[in-house]
Ligand SMILES: [Ca+2]
C-alpha cells in the first residue's frame, strides 16, 4: 500500500492553535494489467527446420502467489523448458524460451508452429487468465529449389 505524507507547516507563534484538519481522498489507479507478455525477437519468431530460436516472456503485473506457465507445442516444434515459474519476486524478469523446429521428412515450404502458454496459480486473477499463444514461422530447407546454373556458349572470334 502506498504511503502518503502530509507536511503541515509550522505556523507563526500564536497561530498554532488554529490547526485545520484537511482530509484528502486519493484515488489511485493501478495501471498494471495482469497478463503474460511474449517478446519475440525482432522480425518475429522464425526458425529453419533443425535449428533453434528464442523468445522471452514475463508477467505484466506482480502476482500474489507463484504463477506456473506450462508450454504446449504442436508436432512441428518443441521447447527446451516446457514449464516456467514466476514468483512475486521475479515476475518481471524475462525468462528465455528456446524453440526447436523439428526437421521432419515432409516437404512443407514455409509453415507455422504453435506454442500455447497456460497459466496456473493460487492467485485468482492469474488463475483466471486465458491461455496465450505464440506462432513461429518455420522454413523447410528441403523446399528450397536447387539453384540451376546457366552456361552460355563462349564464342571466340578472331580479327
Ligand atoms: Ca519438413
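What follows is calculated from the coordinates using simple rules that are stated; it is not laboratory data. Predicted model, so just to flag it, every value in this text is computed and none were measured. Cβ atoms come from the backbone with ideal geometry, glycine included; neighbour counts cover every protein chain shown.
Couple of notes before you dig in:
- Residue order, fewest to most surrounding Cβ atoms within 10 angstrom, among 158, 142: 158, 142
- Considering only beta bridges that DSSP places wholly inside the range 36-143, some 90 percent are antiparallel.
- Peptides 95-104, 30-39, 43-52 ordered by packing proxy, namely the average of other Cβ atoms within 10 Å per residue, highest first: 95-104, 43-52, 30-39.
- Listed peptides 78-88, 129-139 appear in the order 129-139, 78-88 once ranked by packing, highest mean of other Cβ atoms within 10 Å at the front.
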